[in-house]
Amino acid sequence: MTVTVFTKPHCPQCNATKRQFTKLGVPFETVDLTENPGTLEQLQAAGFQQAPVVITPNNSWTGYRPDLIREVAQQVSAETNASAMVSA
């Protein structure tokens, strides 16, 4: 599962989101929006108005959302378990 966290510097909600993903063992990519103004424009055009913006294959949201982060962690765990069963 690909998880992307679009952030900006000195953003408490961005840092909390990244810490929670790390704590729960969810791999993610980080994109600094100050270094990617075109991406920032695209996200704003799509209706996102605050950072972080989190995009997963099944969902997207803004701000620090521990409930949604836990859902992603559960999905990653389920995928890992399913993959381990297939390999066995």
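The values are calculated or read from the model by the stated rules, or taken from the named source; none is laboratory data. Since this is a predicted model, take the numbers as computed values, not measurements. Note: ideal-geometry Cβ built from the backbone for every residue, glycine included; neighbour counts use all protein chains shown. Only protein heavy atoms, including side chains, enter the accessible area calculation; ligands, DNA and RNA are left aside. Shrake-Rupley method; radii C 1.70, N 1.55, O 1.52, S 1.80 Å.
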Query - Surface share of carbon and sulfur [accessible, 1.4 angstrom probe, percent] for the chain - result: 50
Query raised in the report: So what's the net charge close to Glu29: Lys and Arg +1, Asp and Glu -1, counting the other residues with Cβ under 15 Å from its Cβ?
Result: -1
Query raised in the report: So what is the 222 nm mean residue ellipticity for the chain from helices alone, if each DSSP H run of at least 4 adds -39500 (n - 2.57) and you divide by all residues, rounding to the nearest 500 deg cm²/dmol?
Result: -16000 deg cm²/dmol
Query raised in the report: Using modelled backbone amide H atoms (1.01 Å from N, in-plane), which distant-in-sequence or interchain residues come within less than 5 Å of Thr30's amide H?
Result: Val5
Report summary line: Given unit charges at Cβ for Lys, Arg (+) and Asp, Glu (-), the dipole magnitude of region 6-50 about its Cα centre in debye, nearest 20, is 280
Query raised in the report: What angle do you read, to the nearest 10 degrees and between 0 and 90, between the alpha-carbon axis of helix 66-87 and the longest principal axis of the chain?
Result: 40
Query - Gain in span if fully extended, Gln42 to Ser60, counting 0.36 nm per residue against the direct Cα distance - result: 5.1 nm
**Report entry** Vicinal HN-Hα couplings computed from phi for region 39-47 (Karplus, 6.51 cos²θ - 1.76 cosθ + 1.60; Hz; Gly/Pro x)
**Finding:** 5, 4, 4, 5, 5, 5, 5, 7, x
Report summary line: Within region 23-49, the residues whose backbone N lies under 15 Å from a label point placed 7 Å from the Cα of Thr80 along the Cα-to-Cβ direction are 23-28
Query raised in the report: Which order, highest average first, do 64-77, 22-35 follow once you tally other Cβ atoms within 10 Å for each residue and take the mean per peptide?
Result: 64-77, 22-35
**Report entry** Cβ-defined net charge surrounding Pro52, 9 Å radius [Lys, Arg +1; Asp, Glu -1]
**Finding:** +2
Query raised in the report: Charges only on Cβ, +1 for Lys and Arg, -1 for Asp and Glu: so what's the dipole of the chain about the Cα centre, in debye to the nearest 20?
Result: 280
**Report entry** Label point distance in nm, Gln50-Glu71, each placed 7 Å from Cα along Cα→Cβ
**Finding:** 1.8
